[in-house]
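Engineer: Before I ask anything, here is the structure I am working with.
The values are calculated or read from the model by the stated rules, or taken from the named source; none is laboratory data. The model shown is predicted, which means the values in this text are computed figures rather than measured ones. Quick reminder, even Gly has a Cβ in these numbers, built from the backbone with ideal geometry, and neighbours come from all protein chains shown.
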Amino acid sequence: MKYFFTSVFLCCGLLLTGVTFARQNLDSLESVLRNTTTDSVRLRLMIELSKKYQYKNFARAKQFSDQALALAEDKNWVWGKVSAYSQEGFLATISGDYTSAIKYDNLNLQLVISKRDSAAIAETLNYLGNDYSDLGKYDEAYYYFTQSYRVARAINDTLAMAVAMFNTGTVLTELGQYDLALDHFSVAIKLSEASNDLDGLPYNQDAVGDVFLRKKDYGKAEENLTKALKNTKARKITVLEPRILKHLAKLYFETKQFDKALAMYDSATRIYEHNSNEFGVAEVNLGKSEILMEQGKFAEAQKKIESSLATAKSFNADKMSIDCYKLLSNLAERKGDFKVSLEYYKNYKQLEDSLFSIDMLEKIFQDQLRFKTETKDYEIATLSKARSDQQGEIKREEFLRNILVVVVALTAIMLFTVYRSGQRRIQINKLLMEHQEEIKKRKDELEQLNQVKDKFFSIISHDLRSPMNALSGVLNLMERDNVSREEFSNLTKELRTQFNHTRTLINNLLDWALFQMDKLKIQPEKIELSGLVNENFNLLSSMHLKEMKLVNKVPANTYGWGDLNMVNLVLRNLILNAIKFSKAGGDIEISATEKDGFITMAIRDFGVGIQPEVQKILFEKTMGYSTRGTANEKGTGLGLILCKEFVEKNGGTIWLESEAGKGSTFYFTLPKA
């Protein structure tokens, strides 16, 4: 249960003066909801209606909460999702669906952390602690409660500190540390009184009564529990009432007052069934089964225990499962079926050992030491003030000295604990930094891809349209017989140049598109590089591009390892690039060297060269730099970008050396076969 915070933050709809007024209030709210068209107002009204219905008509409350959540997520309103997640988590808790409660409380925690809302962070941490506590995950519960206290203390929120201190005490009660739990309850009630929290009193009375019940001090247990029930009904804290009723039933069972015990269990059952709380009903059935066993009604008792066990397993509630197996073992023993009793007892011990494992207890112990260290100053101040009111300044100083002695005794253990905590924080911070760097890297890559996309759409719209328009114009002239043979020869030469450019562009665009969509798969193989250079030279020579002299200086039997199609594209683009920026009749040389397991290919021309400022941006995706060749050939800059990506995809690198007016040499590497 979400004790304390429930009454303070979520039960405002219950504090009404009478049933008639409450009914009118609900009707009025629903009327306003039907007539309003403003989404933000509708969302707030649905949350308010859900809160007012939560103990009157649970199904109706869930309906309004679900509608509010759907609207908040559709509008992506952070404030709306915070309210909706909080209400969904609370409804899941009062219905016993703690797995869903943990889900919504975790979603809420992420949002309030992003908003840096410390008060909401402390509240949500407390909710998560209660979710885990109800499932018997006490190490997780202790962690979240103490984290809630730290946040509340940092903002000096006395009420939130009281809540966290109280809930930490409930975990200590479950672990059997009764005296320490009572100390926590004592501090919590003082903090609660300081913040004028009237709802804190019945919670504290119930918790203290539970401790005395476990210590078998039935007189003090009944005194506190009776007061808690009276105050709970007076303040209409519906969520707390069935818990107190179960504690009173357990008290009457222990004192052999079975009729009173059954009456308490029946009252709790009615509340749980009204809220569709299957988990709570299962807890009550376990209590009833103990009474039935004492009355000799073994078959009826076994039926209730097995039903509760099924519920416990469906909710992953280990604590309830432990209680079920223990009762089933006792029941089988009473029936004389000792073999079955032993099997149930083994299940009971195995689950108990896993739940209350040494690792869990050690974790809680370390958290206790850390928490005591961090809260010592505040505890000293609070408890010292109480002593000064009761016993004066002398007693106060004595108490301080005792606390200091304890602190000194625990110093060695605390240092080790703090060191472990520091190491953990360092690891967490490192992971967070790595995650942030990865997000930034992905963001930069997306921005680059968008820029590349825009550039390539521009290329397609401009560079593909021009040759098509030129070809269309020539065809129109030919159709009308307006072209002489000499003009046709000149036009054909120009069209061939544009056609070669367009074909290269289309090939590069297709290869780039496949690469970006991860459709271009690498299929590495052994490549004879000298032969590959010759194939490209023969192909390009047949195109009569400026009648260049192509010289292959790659030694025979030079083998690289890579994808043949990709390496071929890189070679072809670099050779075409060299031809483009060389004068007619010039030389193009390709050579290869081997070093450290890599083959370095060099494509050299003796053309116009490249200015230093241009060299820096040639391979940049977002730049796509291009200029016209010596024969006015056009380019897009896409070829060199593809070369870089394909070379790197095959495990190599690419770079260039150039001097204006003297030519350029492009280098790329491949792993040696």
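Engineer: Name every residue in the stretch 211-221 that is closer than 18 Å to LEU240 by Cβ and in contact (Cβ under 8 Å) with a residue 40 or more places away in the chain, in order of residue number.
Structural biologist: Hit for the stretch 211-221 is LEU213, nothing else.
Engineer: Filtering the stretch 549-568 down to residues that are among the aliphatic types (A, V, I, L, M) and within 13 Å of GLY652 (Cβ to Cβ), which residue is surrounded by the most Cβ atoms within 10 Å (Cβ to Cβ)?
Structural biologist: Applying the filter and picking the extreme gives VAL567.
Engineer: Next up: May I ask you to say which residue of GLN54, GLN63, GLN67 is in contact with a Cys (Cβ under 9 Å, 6 or more places away or on another chain) and within 24 Å of GLU278 (Cβ to Cβ)?
Structural biologist: So the residue among GLN54, GLN63, GLN67 that is in contact with a Cys (Cβ under 9 Å, 6 or more places away or on another chain) and within 24 Å of GLU278 (Cβ to Cβ) is GLN54.
Engineer: Return the residue satisfying two criteria in turn: it lies in the stretch 299-320 and is among the polar types (S, T, N, Q) and surrounded by fewer than 18 Cβ atoms within 10 Å (Cβ to Cβ), and of such residues it is nearest to LEU286 (Cα to Cα).
Structural biologist: SER307
Engineer: I've got another one for you. Given the criterion modelled with pLDDT under 85, part of a loop (DSSP other than H, G, I, E, B), surrounded by 19 or more Cβ atoms within 10 Å (Cβ to Cβ) and out of contact with any Pro (no Cβ under 8 Å at 6 or more places or on another chain), identify the matching residue among GLY629, GLY607, GLY639.
Structural biologist: It is GLY629.
Residue-wise test of (1) of a type in the set (Val, Ile, Thr); (2) touching a helix residue (DSSP H, G or I) at 6+ places or on another chain (Cβ under 8 Å); (3) surrounded by fewer than 21 Cβ atoms within 10 Å (Cβ to Cβ); (4) modelled with pLDDT of 85 or more.
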{"position": "ASN108", "(1), (2), (3), (4)": "no, yes, no, yes"}
{"position": "LEU111", "(1), (2), (3), (4)": "no, yes, yes, yes"}
{"position": "LEU135", "(1), (2), (3), (4)": "no, yes, no, no"}
{"position": "GLY169", "(1), (2), (3), (4)": "no, yes, no, yes"}
{"position": "ASP179", "(1), (2), (3), (4)": "no, no, yes, yes"}
{"position": "ASP206", "(1), (2), (3), (4)": "no, yes, no, yes"}
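Engineer: If a residue must be closer than 23 Å to GLY209 by Cβ and touching a residue at least 60 places away in the same chain (Cβ under 8 Å), how many such residues does the stretch 136-160 contain?
Structural biologist: Number satisfying all stated conditions: 4.
Engineer: ASN285: assigned by TED's automatic domain parsing to the domain that holds LYS335, closer than 23 Å to ILE94 by Cα, surrounded by 14 or more Cβ atoms within 10 Å (Cβ to Cβ) and in contact with a helix residue (DSSP H, G or I) (Cβ under 6 Å, 6 or more places away or on another chain), yes or no?
Structural biologist: yes
Engineer: Look through THR238, THR255 and report the one residue that is hydroxyl-bearing (Ser, Thr, Tyr), loosely packed, with under 15 Cβ neighbours inside 10 Å and touching a helix residue (DSSP H, G or I) at 6+ places or on another chain (Cβ under 8 Å).
Structural biologist: Among THR238, THR255, only THR255 is hydroxyl-bearing (Ser, Thr, Tyr), loosely packed, with under 15 Cβ neighbours inside 10 Å and touching a helix residue (DSSP H, G or I) at 6+ places or on another chain (Cβ under 8 Å).
Engineer: Go through the stretch 37-76 and report how many residues are in a helix (DSSP H, G or I), polar (S, T, N, Q) and within 14 Å of GLN87 (Cβ to Cβ).
Structural biologist: The total comes to 4.
Engineer: Which condition from (1) outside any helix (DSSP H, G or I); (2) buried (at least 16 other Cβ atoms within 10 Å of the Cβ) is the one that ARG116 breaks?
Structural biologist: Failing condition for ARG116: (2).
Engineer: Here is a list of conditions, (1) within 18 Å of the chain's Cα centre (by Cα); (2) under 26 Å from ASN204 (Cα atoms); (3) not aromatic (Phe, Trp, Tyr), and ASP157 meets all of them except one; can you say which number that is?
Structural biologist: (1)
Engineer: Here's something else I'd like to know. Here's a check for you: in the stretch 341-363, which residue that is modelled with pLDDT of 70 or more and small (Gly, Ala, Ser) is surrounded by the most Cβ atoms within 10 Å (Cβ to Cβ)?
Structural biologist: SER341
Engineer: Mind listing just one residue for me: the one in the stretch 186-204 that is out of contact with any Ser or Thr (no Cβ under 9 Å at 6 or more places or on another chain) and in a helix (DSSP H, G or I) and, of those, surrounded by the most Cβ atoms within 10 Å (Cβ to Cβ)?
Structural biologist: Among them, the one singled out is ILE189.
Engineer: Now a separate question. Residue under question is ALA228, and the condition is that it be surrounded by 15 or more Cβ atoms within 10 Å (Cβ to Cβ) and either within 20 Å of THR170 (Cβ to Cβ) or not hydroxyl-bearing (Ser, Thr, Tyr) (or both); does it hold?
Structural biologist: Yes.
Engineer: Oh, and also: Taking PHE598 and the conditions (1) under 25 Å from ILE506 (Cβ atoms); (2) at pLDDT 90 or above; (3) among the aromatic types (Phe, Trp, Tyr), which numbered condition does it fall short on, given that it satisfies the others?
Structural biologist: Going through (1) under 25 Å from ILE506 (Cβ atoms); (2) at pLDDT 90 or above; (3) among the aromatic types (Phe, Trp, Tyr) one by one, PHE598 breaks only (1).
Engineer: What are the residues in the stretch 569-602 that are in a loop (DSSP other than H, G, I, E, B), touching a residue at least 40 places away in the same chain (Cβ under 8 Å) and either over 17 Å from ASN650 (Cα atoms) or not assigned by TED's automatic domain parsing to the domain that holds GLY531 (or both), if any?
Structural biologist: Matches in the stretch 569-602: PHE581, SER582, LYS583, ALA584, GLY586.
Engineer: Can you go through ALA70, ALA59 and tell me which one is over 17 Å from the mean Cα position of the chain (by Cα) and more than 29 Å from LYS313 (Cβ to Cβ)?
Structural biologist: ALA70
Engineer: Restricting attention to helices (runs of 4 or more DSSP H) lying wholly within the stretch 241-323, give those where 3 or more residues are under 27 Å from TYR345 (Cα atoms), more than 33 Å from the chain's Cα centre (by Cα) and not aromatic (Phe, Trp, Tyr).
Structural biologist: Where helices (runs of 4 or more DSSP H) fall fully within the stretch 241-323 and carry at least 3 residues being under 27 Å from TYR345 (Cα atoms), more than 33 Å from the chain's Cα centre (by Cα) and not aromatic (Phe, Trp, Tyr), they are 241-254, 278-294, 298-314.
Engineer: Which residue, of ALA221, ALA268, is in contact with a Pro (Cβ under 6 Å, 6 or more places away or on another chain), buried (at least 18 other Cβ atoms within 10 Å of the Cβ) and not hydroxyl-bearing (Ser, Thr, Tyr)?
Structural biologist: ALA268
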